[in-house]
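Take a look at the structure below.
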Amino acid sequence: ICSPKTDGTDVTVAITACITSVGANGTVRLVAGTYVVGGTGSAGVLPLTNSVEIVGDGPGKTVITTTGTPSDNLSMFDCAASTVCAIRSLTIVGPSAFGGFAYYGVEHEGTAGSLTVDNIATSQVTMGVNEQVGASTDVTIQNSDITATAQGFYSAGARNINVHGNYFHNIGTTSLHH
């Protein structure tokens with residue numbers, strides 16, 4: 001269980017340390033609360049370099065938010081190539097200003113591996129889920145409430161995509177793009 005402060009201070013380093021400490025195929029559990037993470041730069045705010053599962057107590061209960069304005073395209077959870085990532089049962093709130101750049105809720109940049117997004121909610125993001133490079137083995141998006149200013153889900157070529165039980169709303173251009 002990862003339980004950094006929920007008092008409005010930046011907990012990026014603490015959550016990243018939890019992710020690192022569980023190692024490959026580990027699970028990071030974030031208890032109910034609102035976690036503020038940094039939101040500037042050009043990499044993922046919370047990079048997932050190992051295969052890892054992030055689990056909260058439920059949308060609206062575990063909230064990950066940012067206060068910064070990105071200086072490049074940025075994602076809250078950034079799953080590296082060849083990883084198996086799962087993000088479950090939490091809310092992602094992006095920055096109030098995008099600075100002309102894209103802000104993704106969850107991004108998988110792999111040429112292999114898989115991504116599961118289950119029971120999450122997003123708001124203030126340009127794209128809810130972005131499967132960037134393509135050729136991911138499996139992508140599953142289920143039971144989620146995706147609000148985005150541009151696209152709900154974008155895939156550049158995942159081979160097996162399973163999307164069900166979701167609600168895509170206030171989407172600027174397309175709910176699903178593959």
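The values are calculated or read from the model by the stated rules, or taken from the named source; none is laboratory data. Since we're looking at a predicted model, the values are computed, not measured. When we count neighbours, we look across all protein chains shown, and the Cβ atoms used for this are built from the backbone with ideal geometry, even at glycine. Quick note on the areas: whole protein, heavy atoms, side chains included, nothing else; ligands and nucleic acids left out. Shrake-Rupley method; radii C 1.70, N 1.55, O 1.52, S 1.80 Å.
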Once phi is turned into θ = phi - 60°, what whole-Hz ³J(HN,Hα) does the Karplus curve with 6.51, -1.76 and 1.60 give for every residue of region 83-94, x standing for Gly and Pro?
-> 9, 10, 10, 9, 10, 9, 6, 7, 10, 10, 10, x
Using a 10 angstrom cutoff on alpha carbons, build the Gaussian network for the chain and name the most mobile of GLY26, GLY128, GLY94.
-> GLY26
Inter-probe distance in nm under a simple model that places probes 7 Å from Cα toward Cβ, at THR34 and SER82 = 4.0 nm
Karplus-derived 3J(HN,Hα) from phi for region 13-28 (6.51 cos²θ - 1.76 cosθ + 1.60, θ = phi - 60°), whole Hz, x at Gly and Pro, runs 5, 5, 5, 4, 5, 4, 4, 5, 5, 6, x, 5, 6, x, 10, 9
Heavy-atom SASA rank of ARG159, ARG29 (probe 1.4 Å, accessible area, largest first) = ARG159, ARG29
Once amide hydrogens are built 1.01 Å from N within the peptide plane, the residues lying 5 or more places from ILE54 or on another chain with amide H under 5 Å from its amide H are VAL28, ALA86, ILE87, ARG88
Long-range amide H partners of ASN166 with built H, under 5 Å = ASN143, SER144
Mind ordering 54-65, 77-88 by average Cβ neighbours within 10 Å, highest first?
-> 77-88, 54-65
Name the most mobile residue of GLY113, GLY165, GLY33, meaning the one with the largest mean-square fluctuation, in a Gaussian network model of the chain with Cα contacts below 10 Å.
-> GLY165
